[in-house]
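Notes for the one structure printed next.
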Amino acid sequence: MYAAALLAALAPLTALAQDEELPDGNTLVKPSLHAEVDGIQAGARFDLALRFEVEPLWHVYWSNPGDAGQALTAKIQAPEGFQVEALRYPWPHRLDQEGDIVAFVHEKEVVLLASVVAPATIEAGKDYAFSIQAKWLVCTELCVPGEGQASLTLKGSTQAKPANEALYAAARKHMPQPQSKLGLAKFSTSGPAAAPKLSITVPGATELEFFPHTDTRVKMTGRTREAGKSGAKLEADFLIKPAKADAPQGTPPLRGVLWVKTAKGETAYEVSHTLTN
């Protein structure tokens with residue numbers, strides 16, 4: 001995230017504050033927490049779904065907000081002995097704004113997933129409480145910060161059953177798939193190591209989009225897209241900053257989420273490409 005772009009996103013707040021009361025960022029987004037099971041079995045692995053309902057015409061930001069904004073973040077509090085893995089984000093959509101500012105956002109609703117592993121010993125009938133503390137920047141013609149909490153309680157069980165199946169089916173449909181499932185896609189790079197161009201061709205696709213992951217050394221500066229009868233092609237330009245003296249050396253891979261649309265629908269894939277010249 002770049003300071004100048006963030007200041008530009010927040011600038012309308014100052015002007016609005018002089019004339020009228022600001023919208024409440026805490027109420028423009030409604031968080032809730034849902035488990036995929038109705039109870040916890042010893043040693044079981046299950047997912048928690050962090051659902052955020054966003055007021056119409058407003059948006060929040062992906063894990064990489066782009067040139068402006070702040071990522072939607074959440075911390076999960078779990079009982080002692082439970083292991084909570086990293087949050088998984090669905091793919092966003094690209095928002096092109098004035099001044100060549102590109103943001104990656106979510107509108108209406110976004111569901112994050114996190115896997116949890118229960119300890120080897122669980123007491124049947126005991127309550128186990130989980131909660132989240134989330135923060136966001138929610139924007140429309142102006143931006144306001146917000147935060148909120150949500151919680152749930154699950155009982156220890158010897159026969160846990162699936163729960164919230166429709167919510168989880170929809171959420172997993174929008175999660176990026178492993179690159180290994182991308183099939184016959186072709187990746188190549190050209191140009192200097194400090195300013196490479198990544199070319200991606202996907203046979204059978206009608207449209208492509210690329211969402212770069214946050215990296216302190218790598219920035220996507222632009223992209224072009226085209227599609228024809230045989231498939232779609234995307235070319236993305238990057239800038240690579242030199243590594244700091246006390247940091248690992250070498251050229252970082254180009255990492256992100258590749259969104260693919262075909263006649264059958266849309267999906268996305270986690271991709272990572274090592275630079276070659």
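The values are calculated or read from the model by the stated rules, or taken from the named source; none is laboratory data. In this text the structure is predicted, and so the values were computed from the model without any measurement. No Cβ is skipped: glycine too gets one built from the backbone with ideal geometry, and neighbour counts run over all protein chains shown.
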Hey, can you tell me all the residues within the stretch 178-216 that are under 15 Å from His273 (Cβ atoms), of a type in the set (Ser, Thr, Tyr) and touching a strand residue (DSSP E or B) at 6+ places or on another chain (Cβ under 6 Å)?
Ser188, Thr189, Ser190, Ser199, Thr201
Out of all the residues in the stretch 174-193, which are among the hydroxyl-bearing types (Ser, Thr, Tyr) and surrounded by 11 or more Cβ atoms within 10 Å (Cβ to Cβ)?
Ser188, Thr189, Ser190
If I filter the stretch 160-173 for residues that are within 27 Å of Trp136 (Cα to Cα), surrounded by 18 or more Cβ atoms within 10 Å (Cβ to Cβ) and aliphatic (A, V, I, L, M), do I get at least one hit?
yes
Looking at Val116, Val111, Val105, which one is within 29 Å of Asp237 (Cα to Cα) and outside the structural domain of Leu258 (by TED's automatic domain parsing)?
Val105
Being more than 23 Å from Val257 (Cβ to Cβ) and not in a loop (DSSP other than H, G, I, E, B), is that true of even one residue in the stretch 112-126?
yes
Is it true that some residue in the stretch 72-95 is surrounded by 14 or more Cβ atoms within 10 Å (Cβ to Cβ), modelled with pLDDT of 95 or more, among the polar types (S, T, N, Q) and not in a strand (DSSP E or B)?
no
If I filter the stretch 249-265 down to residues being surrounded by 14 or more Cβ atoms within 10 Å (Cβ to Cβ) and basic (Lys, Arg), which single residue comes out as nearest to Leu234 (Cα to Cα)?
Lys261
The stretch 49-62: number of residues that are part of a strand (DSSP E or B) and either within 17 Å of Cys143 (Cα to Cα) or not small (Gly, Ala, Ser) (or both)
9
Give the residues of the stretch 96-134 that are within 18 Å of the chain's Cα centre (by Cα) and over 26 Å from Lys173 (Cβ atoms), sorted by residue number.
Gln133
Would you be able to say whether some residue in the stretch 194-211 is touching a residue at least 40 places away in the same chain (Cβ under 8 Å), closer than 28 Å to Phe46 by Cβ and either surrounded by fewer than 18 Cβ atoms within 10 Å (Cβ to Cβ) or of a type outside the set (Lys, Arg) (or both)?
yes
